[in-house]
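Data block below; observations after.
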Amino acid sequence: MTFNRNLYIVASDGSAYNLDGKSIFFSFNRFKRDICENGHCFVCGAPPSSDFNNEHVFPDWLQRLCLIQNKTLTLPNEGKIKYGTYKIPCCSACNTQLSEIYEKPISRAIRNGFGGLYDFLQDGGLELLFGWLNLIFVKVHLKDFKNRVVLDRRLDEGFIGEKYDLNKLHHFHAVARAPTANVKVNDAVLGSISIYKIESSNKSPVFDYCDHLDGRTLLLRINDLAIICVLDDCGATAEMLSKQLEVIPSLLSEIQLREIYARYLSANLHLISQPMFRTEFFNSTGFPEINVALPDLKFHDYVPTVFGEMLLHALGHYIDVVTVNDLKGQKASELLSSGNVSFLFDELGNPRER
């Protein structure tokens, strides 16, 4: 007797497996319980064992490229941790699989800077880059299930991740692990991705990362290359901002780059109806596919303070050096929060060169 190897078993909780028992799709409850709360391998779902070698949140090749292995990042609880030890649970087989699928081709492209990534995208690498950005976003936030809300262990405030709305993270997890399970991601699922070339007089390696879980957007800078990605808008924010960002300064500063990120964040938060994502197991292709139902594209009336709040978030530690109308600190923050301040454009809407 022969079996169709494209058959899938859907369990009562909604999780799906192939005939070999490999996880094709994690139900929301299984994702929450096994991956988020119990530290199972975030790719295959295996429980912790001696076979785990764990996965860097920011891949090792990227740390070496930017010389950040021994540098520290600041967690949401203000704790410090070295990039080299910033990892989440992963078994060795899945670690190797992620390297083959994502890290080798992505690292080859990014090592060649802006031009290398541009050529990679021209050659059809957009879906792979999008999956990789989902992967980084997911790893950052899964790590927060081991990061305490407050560092003082005498205060049992739980873990940061316990406060998260996991519905969107569940979708990003499905997209990130899709190629490991032979799941296709429909082109309509892909979010807005913008890449920028950053010129700098500083020849030292540069790494920068920030994201916003509620806004489902991230910014990643690697030397002369910057990537901004909205993970769940299916291209809507790029359409909304196409005219506004049609002409930007020719040489972006770090602060101007953060403002562009804030504008994408704000645009995504202004969407009235969110796309509805689903994983289909039985369709005309015979293979599982992540698909989407797209609502009519409608935005709330623009609220400047939403952009102002996102700009404050985006500036992060830069707020200490920002000057607005000769004001710094709290007074500068109050002006920024109004949403009426721009480092990209002057009062007439013309680009501000550095």
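The values are calculated or read from the model by the stated rules, or taken from the named source; none is laboratory data. Because the structure is a prediction, the values reported are computed rather than measured. So basically every Cβ, Gly included, is an ideal-geometry build from the backbone, and we count neighbours across all protein chains shown. Note: areas computed on protein heavy atoms with side chains; ligands, DNA, RNA excluded. Shrake-Rupley method; radii C 1.70, N 1.55, O 1.52, S 1.80 Å.
Here are some notes:
- Taken one residue at a time, the phi angles of region 165-173 give Karplus couplings (6.51, -1.76, 1.60, θ = phi - 60°) of 7, 8, 4, 5, 4, 4, 5, 5, 4 Hz. Gly and Pro are set to x.
- Of the cross-linked pairs K104/K163; K139/K243; K87/K168; K104/K197; K143/K203, those separated by over 26 Å at the C-alpha level are K104/K163; K139/K243; K143/K203.
- 1.4 Å probe accessible area per residue over region 243-284, in Å²: 45 Å²
- Neighbour-limited loop hits for GluC sites (Glu not before Pro), region 76-116 (at most 11 other Cβ within 10 Å; DSSP other than H, G, I, E, B): E78
- A full extension of the chain between K71 and N291 corresponds to an added length of 75.3 nm, given 0.36 nm per residue minus the alpha carbon distance.
- Highest mean first, the peptides 130-138, 345-353, 115-123 sorted by other C-beta atoms within 10 Å per residue fall in the order 130-138, 115-123, 345-353.
- D346-E37 FRET efficiency (beta carbon distance; Förster radius 35 Å; 0.05 resolution): 0.10
- Residue (of P295, F343, L245) at the positive-pole extreme of region 220-345, dipole from beta-carbon charges: F343
- Cα gyration tensor, the chain - rounded (a/c under 1.5), prolate or oblate: prolate
- Carbon and sulfur %, accessible surface of region 117-182 computed with the full protein complex present, 1.4 Å: 47 percent
- In terms of its alpha-carbon gyration tensor, region 50-115 comes out oblate; a/c meets the 1.5 threshold, while b/c is at least as large as a/b.
- Only helical runs count toward this figure. For the chain, summing -39,500 (n - 2.57) over DSSP H runs of n ≥ 4 and dividing by all residues gives -8500 deg cm²/dmol at 222 nm.
- Straight-distance crosslink candidates among aspartates and glutamates, where the alpha carbon sits under 14 Å from K331 and sequence neighbours closer than 8 are dropped: D320
- In order along region 325-339, phi translates into HN-Hα couplings of 6, 6, 10, 10, x, 4, 5, 5, 4, 5, 5, 5, 5, 5, x Hz, rounded to whole numbers, per the Karplus curve 6.51 cos²θ - 1.76 cosθ + 1.60 with θ = phi - 60° and x for Gly and Pro.
- Listed by chain and number, the lysines whose C-alpha is less than 18 Å from the C-alpha of K22, apart from same-chain residues fewer than 8 away, are K184.
- Potential extension, E334-I195 segment - 0.36 nm per residue separation minus Cα distance: 47.0 nm
- Charge dipole (debye, nearest 20) of region 1-151; +1 at Cβ of Lys and Arg, -1 at Cβ of Asp and Glu: 440 debye
- Region 243-307: relative contact order in percent, alpha carbon pairs under 8 Å with at least 6 residues between: 32 percent
- Compared with the alpha-carbon gap, the fully stretched path from E157 to T323 is longer by 56.2 nm at 0.36 nm per residue.
- Whole-number percent relative contact order across region 202-273, with pairs defined as alpha carbons under 8 Å at least 6 apart: 30 percent
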